[in-house]
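Have a look at the structure below before the remarks.
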Amino acid sequence: MSKEIIRDIICQVLFENKSKETILSVLNEFLPNYEEIYENYGKPNDDEYEFKSENELISYYGEIPNITQTLYWNQKSDNSDNIMVGVNVTEDNKIIFSLTLDGTEETESKYYRKLKDFLNSEIGVISYVDPVFYENGKDFKQKYKNNKYDFEK
């Protein structure tokens, strides 16, 4: 494997049953000192509403059915691989979790496998700079269900 640093590696993995608990567990596993968010995010069809806390934000998008939202978390310290966690809640009540990071091919395969194992999911994809396109969780599953990398074999 090459030791060259690759910027903006994006590991995306499907989780079939969205929940607040899963969102929090992924954050705590991959970014234990993440920076809280809740500003600049509102409820669908209610631009005036402001979430009062990150907990309220995560509860809303983790529990309310048939809504979409993408959320991102960073961590400035103790984050040598520059990991950013993404949570794409889909209209069909799935979550596509993503880890965006910088690293070598070895780092890429390590985090991709770790995210899949953590979520107990066989469905994922790796891209660079931009996440892959999909309509919803079902579409993601259809496109990437047979996706296997050499390092997974």
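The values are calculated or read from the model by the stated rules, or taken from the named source; none is laboratory data. Quantities reported herein were computed from a predicted structural model and do not represent experimental measurements. Here the Cβ is made from the backbone with ideal geometry for all residues, glycine too, and neighbour counts use every protein chain on show.
Of the residues making up the stretch 25-39, those that are under 18 Å from GLN69 (Cα atoms) and in a loop (DSSP other than H, G, I, E, B) are GLU36, ILE37, TYR38, GLU39.
Within the stretch 101-120, being buried (at least 16 other Cβ atoms within 10 Å of the Cβ) and either among the β-branched types (Val, Ile, Thr) or part of a loop (DSSP other than H, G, I, E, B) (or both) holds for THR104, THR107.
Okay, residues lined up against (1) assigned to a loop (DSSP other than H, G, I, E, B); (2) in contact with a Cys (Cβ under 7 Å, 6 or more places away or on another chain); (3) of a type in the set (D, E, K, R); (4) modelled with pLDDT under 90:
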{"residue": "TYR41", "(1), (2), (3), (4)": "yes, no, no, yes"}
{"residue": "LYS52", "(1), (2), (3), (4)": "yes, no, yes, yes"}
{"residue": "ASN55", "(1), (2), (3), (4)": "no, no, no, no"}
{"residue": "SER59", "(1), (2), (3), (4)": "no, no, no, no"}
{"residue": "ILE67", "(1), (2), (3), (4)": "yes, no, no, no"}
{"residue": "LEU71", "(1), (2), (3), (4)": "no, no, no, no"}
{"residue": "LYS76", "(1), (2), (3), (4)": "yes, no, yes, yes"}
{"residue": "ASP81", "(1), (2), (3), (4)": "yes, no, yes, no"}
{"residue": "GLY86", "(1), (2), (3), (4)": "no, no, no, no"}
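In the set (1) in contact with a Phe, Trp or Tyr (Cβ under 8 Å, 6 or more places away or on another chain); (2) assigned to a loop (DSSP other than H, G, I, E, B), the condition left unmet by GLU91 is number (1). For the residues LYS43, LYS20, LYS94, LYS52, the requirement of being surrounded by 18 or more Cβ atoms within 10 Å (Cβ to Cβ) and of a type in the set (Lys, Arg) singles out LYS94. Could you look through the stretch 69-89, keep only residues that are in contact (Cβ under 8 Å) with a residue 12 or more places away in the chain and among the small types (Gly, Ala, Ser), and pick out the one that is surrounded by the fewest Cβ atoms within 10 Å (Cβ to Cβ)? By that ranking, first place goes to SER77.
Among residues of the stretch 1-24 that are part of a loop (DSSP other than H, G, I, E, B), those with a beta-carbon under 7 Å from a residue that is among the polar types (S, T, N, Q) at least six positions away or on a different chain give the pairs MET1/THR104; SER2/THR104; LYS3/THR104; GLU4/THR104; ILE5/THR104; LYS18/ASN93.
For the stretch 55-68, enumerate the residues that are of a type outside the set (Ser, Thr, Tyr) and surrounded by fewer than 17 Cβ atoms within 10 Å (Cβ to Cβ). Answer for the stretch 55-68, where residues must be of a type outside the set (Ser, Thr, Tyr) and surrounded by fewer than 17 Cβ atoms within 10 Å (Cβ to Cβ): ASN55, GLU56, GLU63, ILE64, PRO65, ASN66, ILE67.
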